[in-house]
Amino acid sequence: MIALPSAAEHVELIDASIDELWELVSNSNNVSRWHPDVVDSQIEYGSGRDVGTVRAIRLRDRTPADRARRGMACYDAAARLRVHAEEGKDE
(Lines give C-alpha, C1' and ligand atoms only; values in the text may rest on other atoms or scores of the structure.)
Protein backbone atom coordinates (compact mmCIF):
# COMPACT_ATOMS: atom_id res chain seq x y z
CA MET A 1 0.00 0.00 0.00
CA ILE A 2 1.21 3.51 -0.79
CA ALA A 3 0.44 6.31 1.64
CA LEU A 4 -0.51 9.52 -0.14
CA PRO A 5 -0.54 12.95 1.50
CA SER A 6 -3.95 13.94 2.80
CA ALA A 7 -3.57 17.65 2.02
CA ALA A 8 -1.59 19.81 -0.36
CA GLU A 9 1.07 22.06 1.12
CA HIS A 10 1.10 24.32 -1.91
CA VAL A 11 -1.55 24.90 -4.57
CA GLU A 12 -1.05 26.83 -7.78
CA LEU A 13 -3.32 27.35 -10.78
CA ILE A 14 -1.63 26.57 -14.09
CA ASP A 15 -2.90 27.88 -17.41
CA ALA A 16 -2.25 24.77 -19.51
CA SER A 17 -4.15 21.82 -20.92
CA ILE A 18 -4.08 18.46 -19.13
CA ASP A 19 -2.09 17.08 -22.08
CA GLU A 20 0.58 19.79 -21.68
CA LEU A 21 0.79 19.16 -17.95
CA TRP A 22 0.97 15.39 -18.36
CA GLU A 23 3.79 15.77 -20.90
CA LEU A 24 5.76 17.69 -18.27
CA VAL A 25 5.07 15.53 -15.19
CA SER A 26 4.85 12.09 -16.83
CA ASN A 27 8.63 11.86 -17.14
CA SER A 28 9.95 11.46 -13.61
CA ASN A 29 13.24 13.12 -14.56
CA ASN A 30 11.44 16.46 -15.16
CA VAL A 31 10.58 16.92 -11.47
CA SER A 32 13.03 19.80 -11.03
CA ARG A 33 11.12 21.76 -13.71
CA TRP A 34 7.90 21.84 -11.67
CA HIS A 35 8.61 20.94 -8.01
CA PRO A 36 9.88 23.96 -6.03
CA ASP A 37 11.99 21.89 -3.59
CA VAL A 38 13.82 19.82 -6.20
CA VAL A 39 17.02 21.30 -7.62
CA ASP A 40 18.12 18.37 -9.80
CA SER A 41 17.08 14.85 -10.76
CA GLN A 42 19.10 11.99 -12.25
CA ILE A 43 17.69 8.74 -13.62
CA GLU A 44 19.73 5.87 -12.20
CA TYR A 45 17.72 3.06 -13.77
CA GLY A 46 14.95 2.92 -16.38
CA SER A 47 13.56 5.45 -18.82
CA GLY A 48 11.71 7.89 -16.59
CA ARG A 49 8.31 6.59 -17.70
CA ASP A 50 8.48 2.92 -16.67
CA VAL A 51 7.56 1.15 -13.45
CA GLY A 52 10.86 0.36 -11.78
CA THR A 53 12.53 3.58 -12.89
CA VAL A 54 14.75 4.85 -10.08
CA ARG A 55 15.79 8.49 -9.76
CA ALA A 56 17.94 10.34 -7.26
CA ILE A 57 16.85 13.90 -6.56
CA ARG A 58 18.78 16.76 -5.04
CA LEU A 59 16.62 18.84 -2.75
CA ARG A 60 16.89 22.53 -2.00
CA ASP A 61 17.52 21.67 1.67
CA ARG A 62 20.59 19.66 0.51
CA THR A 63 19.23 16.27 1.53
CA PRO A 64 21.87 13.81 0.23
CA ALA A 65 20.81 12.09 -3.01
CA ASP A 66 21.09 8.63 -1.44
CA ARG A 67 18.40 9.70 1.02
CA ALA A 68 16.21 11.19 -1.71
CA ARG A 69 16.02 8.20 -4.06
CA ARG A 70 12.60 7.35 -5.49
CA GLY A 71 11.40 4.32 -7.41
CA MET A 72 8.38 4.47 -9.72
CA ALA A 73 5.74 2.19 -8.25
CA CYS A 74 2.90 2.93 -10.67
CA TYR A 75 2.59 4.47 -14.14
CA ASP A 76 -0.65 4.66 -16.11
CA ALA A 77 -0.59 7.06 -19.07
CA ALA A 78 -4.30 6.60 -19.83
CA ALA A 79 -5.26 7.60 -16.28
CA ARG A 80 -2.43 10.16 -16.14
CA LEU A 81 -1.15 8.60 -12.94
CA ARG A 82 2.43 8.31 -11.76
CA VAL A 83 3.38 7.28 -8.21
CA HIS A 84 6.86 7.16 -6.68
CA ALA A 85 7.90 5.56 -3.42
CA GLU A 86 11.06 6.05 -1.40
CA GLU A 87 13.56 3.29 -2.03
CA GLY A 88 13.58 0.76 0.76
CA LYS A 89 10.09 1.66 2.02
CA ASP A 90 7.07 -0.61 1.76
CA GLU A 91 4.82 0.23 -1.17
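Quick one: is VAL51 of a type in the set (A, V, I, L, M), modelled with pLDDT of 70 or more, under 13 Å from the mean Cα position of the chain (by Cα) and not in a helix (DSSP H, G or I)? Yes, satisfied. Within region 12-48, the set of residues being part of a helix (DSSP H, G or I) and either of a type outside the set (A, V, I, L, M, F, W, C) or more than 22 Å from ALA79 (Cβ to Cβ) (or both) comprises ASP19, GLU20, GLU23, SER28, ASN29, ASN30, SER32, ARG33.
For residues in region 79-91 being at pLDDT 75 or above and under 15 Å from ARG55 (Cβ atoms), which is surrounded by the most Cβ atoms within 10 Å (Cβ to Cβ)?
Only one residue fits best here, namely ARG82.
Looking only at residues in region 54-78 that are at pLDDT 80 or above and not in a strand (DSSP E or B), which one is surrounded by the most Cβ atoms within 10 Å (Cβ to Cβ)? So the residue we want is ARG60. Of SER28, SER32, SER17, all but one fail to be at pLDDT 85 or above and in contact with a strand residue (DSSP E or B) (Cβ under 8 Å, 6 or more places away or on another chain); the exception is SER32.
The values are calculated or read from the model by the stated rules, or taken from the named source; none is laboratory data. This structure is a prediction, so every number in the text was calculated from the model and none was measured. We place every Cβ from the backbone using ideal geometry, glycine too, and count neighbours over all the protein chains shown.
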